[in-house]
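The values are calculated or read from the model by the stated rules, or taken from the named source; none is laboratory data. In this text, all values refer to a predicted model and were calculated from it rather than measured experimentally. Don't worry about glycine lacking a Cβ; one is built from the backbone with ideal geometry, like all the others, and counts go over all protein chains shown. Heavy atoms of the whole protein, side chains included, go into the accessibility calculation; ligands, DNA and RNA do not. Shrake-Rupley method; radii C 1.70, N 1.55, O 1.52, S 1.80 Å.
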Amino acid sequence: MAFVETNQLSKSFGSLSALADCSLTIDQGTVFGLLGPNGAGKSTLLRLLMGFMTPSSGHASIQGFDCQTESLQVRLITSYLPGDARLDRQYRGKQVIRLFTTLRPDGCTDKALEIADFLELDLQRRVGSMSTGMRQKLAVTITLANDAPLIIMDEPTANLDPTVRQQILRLLRHKRDEGKTILFSSHVLDEVESISDTVGFLKQGKLITMADLSTLRNHHRLTGVLDNDLPSIPDTLTDQLVIIQQVENRVTLEVQGDILESLDWLRQTGLSEISIEPVRLRSLYEAIHPERKEFKQ
């Protein structure tokens with residue numbers, strides 16, 4: 001049984017469909033990255049999983065608990081970071097940590113202090129005098145300072161500089177190595193690619209596709225110049241080679257699987273000026289979300 005599962009999960013606000021027929025599964029001990037622009041339905045999906053919203057149709061479950069009718073059990077096994085986390089501005093950082101770690105039966109103040117020290121967070125400051133980035137680090141610290149088997153984070157690295165982003169990813173990798181399941185949304189493709197086992201692409205409330213990162217990492221795009229017409233791809237390679245584009249004498253192919261198996265045929269084609277690069281998440285993302293037109297003054 002999947003650790004996290006949704007089946008035709010939908011949420012509408014009047015005529016606006018925020019999430020439509022979303023079906024996905026997340027295995028225990030894996031990292032699932034959720035991608036999509038603002039308004040794609042990422043936060044709606046996460047809030048439905050936490051039981052903060054009532055679905056219009058469909059259902060979701062976490063570790064067998066129904067996210068709507070058994071939301072208390074869901075929250076006991078889940079540590080959740082909302083995208084708009086708000087902390088009492090009058091409290092000092094250490095007071096906030098003690099408050100939140102004592103609220104959970106699996107909370108650990110010592111672990112929170114260790115994480116805060118790793119993130120170089122000044123806990124003597126009041127929340128109101130902290131920068132946006134410092135408040136985000138405090139919220140992340142609270143979220144990770146427990147032993148919940150599931151961690152759900154909505155834009156955990158928002159408002160953080162690149163160095164701190166990498167620190168957060170290290171903490172998440174450590175949680176994954178402990179066997180925790182992680183579901184998080186992000187706009188930063190590189191960080192999603194670096195840590196996720198699986199990614200899901202949302203667009204206008206619909207889950208367009210999911211991709212396995214281990215498969216994607218073994219997927220390459222090859223571009224070269226031909227003196228003659230490109231010969232037909234042999235039957236033995238039709239599952240591995242796909243012609244993406246050919247403009248005059250420049251051809252672009254995608255190679256799936258072991259690229260070494262295709263090299264003999266590629267050498268026979270007479271391709272020159274060859275460049276090979278791995279297909280990245282950006283290629284998939286831009287295919288689903290084409291770049292918007294530039295503003296013209």
Residues with amide H under 5 Å from that of Leu81, placed H, sequence gap 5 or more:
Ile152, Met153, Asp154
What are the ³J(HN,Hα) values, in whole Hz, obtained from phi via the Karplus relation 6.51 cos²θ - 1.76 cosθ + 1.60 with θ = phi - 60°, for each residue of segment 219-224 in sequence order, with x given for Gly and Pro?
10, 10, 10, 10, 10, x
Difference of contour (0.36 nm per residue) and Cα-Cα distance, Ser56 to Asn249
64.2 nm
In the list (i) 20.6; (ii) 19.8; (iii) 16.6, the entry giving mean projected area of the Cα convex hull in nm² computed from the coordinates is (i)
Enumerate the calculated ³J(HN,Hα) couplings along segment 165-181 in order (Karplus 6.51 cos²θ - 1.76 cosθ + 1.60, θ = phi - 60°), each rounded to whole Hz, writing x wherever the residue is Gly or Pro.
4, 5, 5, 4, 5, 4, 5, 5, 4, 4, 4, 4, 5, 7, x, 6, 9
Placing +1 on each Lys and Arg Cβ and -1 on each Asp and Glu Cβ in the chain, then taking the dipole about the Cα centre, the residue among Pro231, Gln246, Val4 whose Cα reaches farthest towards the positive end is Val4
Please identify the trypsin sites (Lys or Arg not before Pro) of segment 197-256 that satisfy two criteria: DSSP loop assignment and at most 14 other Cβ atoms within 10 Å. Which are they?
Arg217
What's the extension gain from Gln124 to Val225 if we count 0.36 nm per residue and subtract their Cα-Cα distance?
30.2 nm
Under 5 Å between amide hydrogens, which residues at least 5 positions from Lys11 or on another chain qualify, with H placed 1.01 Å from N in the peptide plane?
Ala18, Leu19, Ala20, Asp21, Ser56
Given the -39500 (n - 2.57) contribution per DSSP H run of 4+ residues, what per-residue ellipticity at 222 nm results for the chain, rounded to the nearest 500 deg cm²/dmol?
-9000 deg cm²/dmol
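May I ask which of Lys11/Lys94; Lys111/Lys206; Lys42/Lys175; Lys42/Lys180; Lys175/Lys206 have a Cα-Cα span longer than 31 Å here?
Lys11/Lys94; Lys111/Lys206
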Listed highest first by mean packing, meaning other Cβ atoms within 10 Å per residue, what order do 106-117, 232-243, 37-48 come in?
37-48, 106-117, 232-243
Once phi is turned into θ = phi - 60°, what whole-Hz ³J(HN,Hα) does the Karplus curve with 6.51, -1.76 and 1.60 give for every residue of segment 182-189, x standing for Gly and Pro?
10, 10, 9, 10, 6, 9, 8, 4
Given unit charges at Cβ for Lys, Arg (+) and Asp, Glu (-), the dipole magnitude of the chain about its Cα centre in debye, nearest 20, is 1760 debye
Considering only protein heavy atoms, what per residue accessible area in square angstrom results for segment 19-146 with a 1.4 angstrom probe?
47 Å²
